[in-house]
1. Within segment 120-142, how many residues are among the aliphatic types (A, V, I, L, M) and more than 14 Å from the chain's Cα centre (by Cα)?
2. Answer with yes or no whether G77 is in contact with a strand residue (DSSP E or B) (Cβ under 8 Å, 6 or more places away or on another chain), in a loop (DSSP other than H, G, I, E, B) and on the phi > 0 side of the Ramachandran plot.
3. Against the condition touching a helix residue (DSSP H, G or I) at 6+ places or on another chain (Cβ under 9 Å) and β-branched (V, I, T), how does V117 come out, does it pass?
4. Only one of A23, A66 is in contact (Cβ under 8 Å) with a residue 60 or more places away in the chain, of a type in the set (G, A, S) and not in a loop (DSSP other than H, G, I, E, B). Can you tell me which?
5. Within segment 103-119, does at least one residue satisfy the condition of being under 21 Å from A43 (Cβ atoms), under 10 Å from the mean Cα position of the chain (by Cα) and assigned to a loop (DSSP other than H, G, I, E, B)?
6. Starting from residues that are more than 21 Å from D55 (Cβ to Cβ) and either without any contact (Cβ under 8 Å) to a residue 40 or more places away in the chain or not assigned by TED's automatic domain parsing to the domain that holds A118 (or both), keep the ones in segment 78-92 and report whichever is surrounded by the fewest Cβ atoms within 10 Å (Cβ to Cβ).
7. If you scan segment 81-95, which residues turn out to be under 23 Å from A134 (Cβ atoms), among the polar types (S, T, N, Q) and not in a strand (DSSP E or B)?
Amino acid sequence: MPRVMTLFALLFVCLLALGLGFAAYVRLAPSDPARWHVDPLTAPDPASPNFARVDRVVALPPAEVAALIADRARAEGAVVLAQGGTGTTWIARTPIMRYPDYVSIRLIPEDAGTRIVAFSRSRFGFGDRGVNRARLGRWLPE
């Protein structure tokens, strides 16, 4: 009986080490701007349903929209991964496990307002339970 308990304890320790190793990888894995900074107008949909897109026009100038988005993103702890050319890509992390999500936003002047094209996607997992759509709802002006 003690031998069985020792095997279970060893198995538990191994599973715990694997879990901690995966959690460390998720938090510390580098984010390559060449892969994650994309043009939200042309980026293809991921194979898994863990993303959201928004394409809307608001009656605000691009500079004001950019400032609003930056304030809201930073308030949630997001940081800029890359910017330029096709817009800005932010890294936002989920609250508990700190999984990285990437939010690419392009602002296009249109008439007296701004067209916002945003693409938010998760790096890990298959489904996002609406996290990306909710984030875009909080960050983007109506």
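1. So the answer is 1.
2. Here the answer is yes, as G77 does meet what is asked.
3. no
4. Answer to the selection: A23.
5. No, that holds for no residue.
6. V79
7. T94
A quick yes/no check of all residues on (1) of a type in the set (S, T, N, Q); (2) part of a helix (DSSP H, G or I); (3) touching a Leu at 6+ places or on another chain (Cβ under 9 Å):
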{"site": "L16", "(1), (2), (3)": "no, yes, no"}
{"site": "G19", "(1), (2), (3)": "no, yes, no"}
{"site": "A47", "(1), (2), (3)": "no, no, no"}
{"site": "R56", "(1), (2), (3)": "no, no, yes"}
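The values are calculated or read from the model by the stated rules, or taken from the named source; none is laboratory data. Only a predicted model underlies this, so the values are computations on that prediction, with no experimental measurement involved. Cβ: placed from backbone, ideal geometry, glycine included. Neighbour counts: every protein chain shown.
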